[in-house]
Each structure stands twice: as structure tokens, then as C-alpha cells.
Amino acid sequence: MAIRVGRWDCDTCGHIGIRGPETKCPNCGAPRGKDVKFYLTDDAETVEDENALRLAEAGADWICSYCGADNTALDKNCISCGNERTDAADKAREQKEYALGEEPSSGKRTPPKAAAVATAKQKPRRWPYFVAGAVALLVYLVWPRELQVTITGHTWQRTIEIENNREVAEEDWSVPSGGRTTSSVQAVHHYNKVFSHNETRSRTVRKKVGTERYKSGTRDLGNGNFKDVYSTRPVYENREENYTAPVYRDVPVYQTKYRYMIFRWVSDHPITANGTTKAAAWPSEVFSDATKWREGKRTEVYTIEYRDDKNEVHRETVGPKYWERTEAGATLKAQRNAMGIFLGLEDEDKDK
């Protein structure tokens, strides 16, 4: 694992690119300081000297709590004032690990995201204003306006479906009660999966063939040096392999299917009544044989006719209760948008 020499910049005089292990600025003599930022340049030299390697691998430098001087991890006493190091007071510099390619390459401080966004020069964007204006115009055009309408009439229509009990032809795997069999036939009811044979097939699979060591990041050693970080990952290869797969065939299973006649109530014809007064009534039909005829499904439609402020007539289907409680000549609230499209009655209870 290669160890490379980092750099730092002096905050006192502005001198840049000072070798990482140097604890004082060669230009003004100022100490590195506890907040110094180490960085790694593209042309950073590799540490090869044995003594320099020993110091780099010894650990992070520590700062004397008494005089603030920098000391190596091997120093038991401060090289500046002689103060004996204690773990509680004389803290070691922080060691940081960076993902590959994310290690700092200059001494510039990274601004907070919010500040970076605020200071970035942005080209003014006009399209949000056009979108907002278009949305506002659309809302204005479709937004409903209230108006008064006058009821001019009521209509109603009621329908009953008349059913006839008669014989119909059906078929099934069994004859229901009351059915009269007319014929039968052997038909496929379902299929069973039956083993036929085995066959050899091939497929592509990923096989682990070993491991590889790769550079995954860089560690700031806290003493002006950086060390390459290596990790291990598995290596896979695509391999073709043969395998045996069973093959099945579909075998039909036959059962008896019956055709039969049976009496069912079926829709025959509708009867309808309608009118333009409030006296709605159901239609009726006299049955000659109650065992063969009966009333089935009932449906009803109620419509209100009204005139708007432009003297235009509109008809709208409403619920029976709403229709019953409205009277000719009464006024109701309706809606129309700015494009002149009539939207109908406003009352939420109109469908009840």
C-alpha cells in the first residue's frame, strides 16, 4: 500500500503547497494549526525513506494542549515545550478515509451546499412564469360561474322488463334439477401433465473463480501523508453448463357433457309509461298465466327542463327525490364557465 506525501496551505501568510509532514510554514514560521486541511496533488511523491515511512505509519500527529505545537505519534513529550502527552488532553489529529477519487486535491474549503447554490451564477429562467400564466388562464376559463335558471317543466319515464318462464337450451358437465337431457357427448374436461422424457439443455451461469485486490480509496493519516486503501472483491465468469430437464405432455381427460332443456325466467319485452306531469306511475300488464309471466327489473328516469339567463332551454336528468320536491316556476342555481360552456345544476343533492 503506497504512502504519498500530502500538502497544506498556510492560513497566516497564504503560502501554498507546503509538504504535509512539515509542522511550520517555511515562509512565515506559523504552525500548521489544529484546523489545517491536508490535500493530495496529482503529482504527489511516494514516501520511500525508511524513517519517513516509520513516522507516516506510526499514526496521526498530536497537538500539545499547553503550547499548541505539532508532534509526531512517536513523541512522548512535546518537542516545543516538553509537556508530557496525555490521551485526555493532547488529542491526535483526525484520520479520514475518502472513496476513490474523492480525496481533496487543494486546500480550498468546500462551501456548504446552501452557500454554493446561493453564490452560483444562474441564468434567469423565464419558462416557469409562462407555465404559471398558462395555468392561471386555464383556471380562469374553466372556473364555474353561478347563474339562476327557472324550471319550465318536468318529465318522467318508468320501465318494467317483463319476463317469460320458458324452456331454453343449455349445456354443462351435469344436468341441474328440472333439466331434461336431449343429448350427451364426450368432451375434453381438462388436461393432465404426464412425464414424457428428459432432455439435456444448456444455460449460462455466473461462477465465482477467485478474488481480486483493488484500490478503493485513500486514507488521510492525520500527519500530512496519505495512504492508498485496498479492498478485496470476488471475480466472476460466465460459464455454460448442461442440465437435465423433464419434458411433459398434455393428456386430455374426457368427461360426459350434457345438452338439456330447462325452464328459466328470461327477459321477453319491456313496458313503458311516461308523462310531463308530477303524477309519475308504473306501467302495468295483465298476465294470462302467472306461472309463465312476471315483472322483472324496474328502471326510472326523471328529467327537469329549465331556462337560463340567455333564454336557452336545458334538460337534465336528476334523482327521484330531487325531482319530486321541485316545482315549475321555481329558480335553481346552475353553472357556466368563461368559455360559455353550460355545466348544469349546482345543487349537490340533484342526483338523490
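Here are the numbers for this structure:
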{"item": "Exclusive hit being surrounded by 10 or more Cβ atoms within 10 Å (Cβ to Cβ), small (Gly, Ala, Ser) and in contact with a Pro (Cβ under 7 Å, 6 or more places away or on another chain), set Ala338, Ala273", "result": "Ala273"}
{"item": "Selection status of Ala60, touching a Leu at 6+ places or on another chain (Cβ under 7 Å) and either under 21 Å from Phe226 (Cβ atoms) or assigned to a strand (DSSP E or B) (or both)", "result": "yes"}
{"item": "Residues of the range 286-342 satisfying the condition of being outside any strand (DSSP E or B), over 25 Å from His154 (Cα atoms) and in contact (Cβ under 8 Å) with a residue 60 or more places away in the chain", "result": "Thr291, Lys292, Asn337, Ala338, Met339"}
{"item": "Per-region count, the range 56-83, residues loosely packed, with under 15 Cβ neighbours inside 10 Å and either touching a residue at least 12 places away in the same chain (Cβ under 8 Å) or acidic (Asp, Glu) (or both)", "result": "7"}
{"item": "Test result for Asn27, farther than 20 Å from Ser105 by Cα and touching a His at 6+ places or on another chain (Cβ under 9 Å)", "result": "yes"}
{"item": "Matching residues in the range 173-191 - criterion: being closer than 11 Å to Met261 by Cα and either surrounded by 10 or more Cβ atoms within 10 Å (Cβ to Cβ) or in contact with a Leu (Cβ under 7 Å, 6 or more places away or on another chain) (or both)", "result": "Val175, Pro176, Gly178, Gly179, Arg180, Thr181, Thr182"}
{"item": "Enumeration of residues in the range 222-270 that are out of contact with any Pro (no Cβ under 7 Å at 6 or more places or on another chain) and closer than 28 Å to Glu161 by Cα", "result": "Tyr260, Met261, Phe263, Arg264, Trp265, Val266, Ser267, Asp268, His269, Pro270"}
{"item": "Every residue from the range 84-100 that is of a type outside the set (Asp, Glu) and either surrounded by 15 or more Cβ atoms within 10 Å (Cβ to Cβ) or at pLDDT 90 or above (or both)", "result": "Arg85, Ala92, Arg93, Gln95, Lys96, Tyr98, Ala99, Leu100"}
{"item": "Any hit, the range 167-187, residues being within 30 Å of Asn274 (Cα to Cα) and either small (Gly, Ala, Ser) or at pLDDT 95 or above (or both)", "result": "no"}
{"item": "Residue in the range 106-124 that is at pLDDT 80 or above and surrounded by 10 or more Cβ atoms within 10 Å (Cβ to Cβ) present", "result": "yes"}
{"item": "Count of the range 252-270 residues which are surrounded by fewer than 11 Cβ atoms within 10 Å (Cβ to Cβ) and farther than 26 Å from Glu295 by Cα", "result": "2"}
{"item": "Residues that are modelled with pLDDT of 90 or more and of a type in the set (Asp, Glu), drawn from the range 28-83", "result": "Asp42, Asp43, Glu45, Glu48, Asp49, Glu50, Glu57, Asp61, Asp75"}
{"item": "From Thr244, Thr150, Thr204, Thr211, residue being part of a strand (DSSP E or B), surrounded by 12 or more Cβ atoms within 10 Å (Cβ to Cβ) and not acidic (Asp, Glu)", "result": "Thr150"}
{"item": "Test: residue in the range 10-24 that is surrounded by 14 or more Cβ atoms within 10 Å (Cβ to Cβ) and over 54 Å from the mean Cα position of the chain (by Cα)", "result": "yes"}
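The values are calculated or read from the model by the stated rules, or taken from the named source; none is laboratory data. Treat the numbers as computed from the prediction; the structure is a model and nothing was measured. In this analysis, Cβ positions are derived from the backbone assuming ideal geometry, glycine residues included, and neighbour counts consider all displayed protein chains.
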